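To start, the structure under review is shown below, and the notes come after it.
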Amino acid sequence: MLVVKELTKRFEDRVAVDALGFEVRAGEILGLVGPNGAGKTTTLRCIAGILTPDDGAIGIDGVDLASQPLAAKRKLGLVPDEPHLFARLSVWEHLELAARLYDVSGWEQLARELLDELELGARRDTLAEALSRGMRQKVAVASALIHAPSLLMLDEPLVGLDPRGIRTLFATLRRHAGSGGAVVMSSHMLGQIEPHCTRFLILREGAKLFHGSKAEIAAELPAMRHDASLEEIFFGATEEALR
Amino acid sequence: MSHPLVWLLWRDTRNVTASLIARVSQPRGALSIAGLVLFCAAVGFTTRSSPGFAGNVSAYGAPSVMGLVMLGAFSPLGLYFRPADVDWLLTAPLTRAELVVYNVALRARTALLSGLFLSILPTWRSAGWWQAFTGFTLVFLLLQVSGQWLAVVRAWLALHVPRAGRWLIAIAFAVVPAAAVALELRARSDLALREFFRDSIALAVIGAPARPFVATAAAPTALAWCVAAGTSLAILAAFVAHICRLDVPYLEAAIRHSERRALRFARMRSGGGTFGASTSTVRRIPMFPHFAGAGPVAWRQIQELVRNPRGILMLLAIVGLVSAAAIGVPFLRGRDARLVVDMGRTGIFLVTFIPLLMGENLACDFRRDLDRMGQLKSWPISSLALAAGQIAPAAAFATAVQVIGVLTLELATSALSAGLTLLVLGLMPVVSWVALCIDNLMFLWMPYRTVPEDPGDVAFVGRTFATALFKFIVLVAILGATLAIGNVALSLSGSRVVAVAAPLFCLLSACVYGTAAVASAFRRYDVARHAPV
């Protein structure tokens, strides 16, 4: 569903992403983890087509992003780290905007289902400026799903959500993956994402440290228990890289 | 433009309008509109006999607009999109042309409102309201679009021209026009300034691209208006087409610029400076005496301003430019004694008023602390001491800038007598204090963000115009009253000391009452109800 090859992105002299390669298959939820400045957001932005890679190739559902950017963007939904909404559009109007942007017909039924699923039904006519951060996050998620993207990417989606909101979000993501979509999600909340992600990609300073299921990564790390938590694996992996 | 963007622009505009109408229907909004209408009527009435708006526009308009366009070259590299636009539109399957046209349409909305505000004033004396409205709107749009165009051109130059070449282009861009005007000013010293503006070849060349725009505002006939407005629109279309065609990674530049700007706005809203983040923790000033708590409050404001002095430096640069023009123009024209004095007095008037009217640059008072009002209220300090501590630093900095400007101009031009200079210098701190009381009172009565949400933030444009106009009229009224009191005191007593002491006493009283009013407004400020979104 997503193929990234030798992705490199520099900002002047600093290498933000360094020859990164990985794949995400249909039905998979990939957890993108790494310390601050590891290149997670830059990677997601390159895949979303809003940053131009200096090198490498990105394919989304078989469409090359560099040569067919508009076609590739149609297959993609992005939920950014800070959910910026149009302050004076209502919740429903945001979904309508997303449907129009991605040229989706008959979107109303799916919109109603998404609002109900994300517990926003009672807020459908509320202006965005009156929403809490968690609610804005949910609107961004619902809008990213309105065109049933092949690949859904979420940058730090758990920030600002209450426990119930987190549970609801993961149910939505599992449903999306279960229906044949792929999900890439970056987060620092390792304990929260651990049970829901099928594989993990650990980055450090723009480079890939480990990629695989929890057990696969644990097996690659010396002296790591096979049933270690994601947090233990994360610290093991990043400290191993420091040595 | 594709359908979703037309829809977005329409819905956004409709909802913004509804929100504005809702606000205007509230007592405070209605009061603001009434004040604005009264002010416009007063300006219209007092200037009803002023000659030729159209003539002034023809003489000064085009070079002035091009001066502003050239200042746009210093804008950052990249198109500016609102944070929501970045998240929603830049990731969507939209073409570059669609995004650029949408961005321009958003700016046109702001330009329309700005044009509407300005067109109200000269209606009474211009060629006609419609011409003034369309002309001002097109000029504002030119400033917005040319700024975007220059940003994209600079980004293209950064990719294709080495650094030395870029410096050469920048120097040529800034120095050649200035040198041409200076040389012509010297060569044609027989012409009065207004005639020079009208007949100068250098200014005609520099102002040529803006001429159709200002001609729209002063068009005497329908045909002339059609020609001027049509040419202006064609120029704007050419700018937009070139922005769409230039081969630069516009999305990346737009995102970086938009994020930097959004961060700056966020910093300003939460109390940071207008001109970027603080860069130094080295400059430390000693703590002031307590003064019932006013000392530490003032120290905090001054410390932050000293560590991030770009706002003051900008103000000083503007005062420096005005002073240089007031001193330099007579010098270039053979030091005609009358012109030296006239320009000196004009310069002194401007450098006295500029720091008061550009108070946002010195906003180290309640305006800086909009997101910290709760914290201020929790401090164990009386509201009067807090108000004094908040106002004192800005008043001190405004006075310092004024004093530097006035002394420079007075030494260079001897435009005022020694006594009058001393009087002006003596009154400055008091006038500045009163002006800042007005600023803070208006802010606490009708709290507003000192930065726009986005290029299409029409409410911000309205507030900016309304507050600037209100402040100007109140300042003029106070200065007029001061002069009147001085005159009456002089005629009644015949003593110059009394003539100075009486208005000074009145101004000092205004300071005390103004500070008390600010303290009272702060006490009434409810963080739960009054903080703007």
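The table below lists the values:
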| quantity | calculated |
| --- | --- |
| Helix-only mean residue ellipticity at 222 nm for chain A, each DSSP H run of n ≥ 4 adding -39500 (n - 2.57), per residue, nearest 500 | -10500 deg cm²/dmol |
| Anisotropy class of the protein assembly as shown from Cα gyration tensor, a/c 1.5 cut | prolate |
| Selection from B:T95, B:F117, A:L85 lying farthest towards where the dipole of the protein assembly as shown points positive, charges on Cβ | B:F117 |
| Using a Förster distance of 22 Å, the FRET efficiency for A:F235-A:V15 (Cβ separation, nearest 0.05) | 0.40 |
| Cα gyration tensor shape for region B:324-445, rounded if a/c is under 1.5, else prolate or oblate | prolate |
| Dipole-positive endmost among B:F239, B:T399, A:L114 within the protein assembly as shown (Cβ charges, Cα centre) | B:T399 |
| Residue mean of other protein chain beta carbons inside 10 Å, B:80-91 | 6 |
| Computed over region A:118-226: relative contact order in percent, which uses C-alpha pairs under 8 Å that are six or more apart | 19 percent |
| Span-like helix ranges in chain A, DSSP H, alpha carbon extent 15 angstrom or more, Kyte mean at least -1.0 | A:91-101, A:133-145, A:163-178, A:230-242 |
| Separation of the A:D64 and B:W167 label points, Cα + 7 Å toward Cβ, nm | 4.1 nm |
| Full-stretch length increase - A:A223, A:K5 - with 0.36 nm per residue and alpha-carbon distance subtracted | 75.4 nm |
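Only the coordinates and a few stated rules stand behind these numbers; no lab work does. All values reported here derive from a predicted model rather than from experimental measurement. Virtual Cβ from ideal backbone geometry, glycine too; neighbours counted across all protein chains shown.
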